[in-house]
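Every number in this text was worked out from the coordinates using simple rules, so none of it is lab data. Since the structure is predicted, the reported quantities are computational estimates derived from the model, not experimental observations. Here Cβ is always computed from backbone atoms with ideal geometry, including for glycine, and neighbour counts include all displayed protein chains.
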Amino acid sequence: MPKNEITLSEVRSWNTTEIVDLYRTGGWWDMGWSTDCIAQILQGSFIFIIAHDTQNRAVGMGRIIADGTADGYIQDVVVFPEYRGRGIGERIVATLRRLGSLHGLTWIGLISAPQKESIYLRAGFSEMKNYTPMLFENEKN
């Protein structure tokens, strides 16, 4: 499929099943979770991008969470395996970076999955020397 047959759109709503499938592809969705939160995730994101094919089926996504003034974080960038290697992930990241900057964000960070750093390096990101990503996870009930 040629690159121009995949369109990137900024969205506030999308097919819940397709979003959950993308989250599962990224390894970020537990089977027992409720899909009720998907609308809130899309609405609560500063920017949410869907990559979709000519049938309007989502093939990838990414989003920025931000304060809306200065700082933002790119997260949840994923492309279905059958669409990888076509530059879609890079286009998502570049679009998020560009839109974030247009909206006034002056600092945009992210945490890369291991061995995926090259996507972000090609999009203009660099490793944050002397910083360590940290995580707090609530206990699951």
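General observations
- Centre separation in Å (Cα based) which lies between the range 1-68 and the range 110-141: 20
- Helices in the chain, meaning DSSP H runs of at least 4 residues, each add -39500 (n - 2.57). Divided by all residues, the mean residue ellipticity at 222 nm is -8000 deg cm²/dmol.
- FRET efficiency for GLN55 and THR17, using Cβ-Cβ distance with R0 set to 22 Å, rounded to 0.05: 0.95
- Two-decimal Rg/Rh across the range 50-141, once Rg and the Kirkwood Rh are taken from alpha-carbon atoms: 1.00
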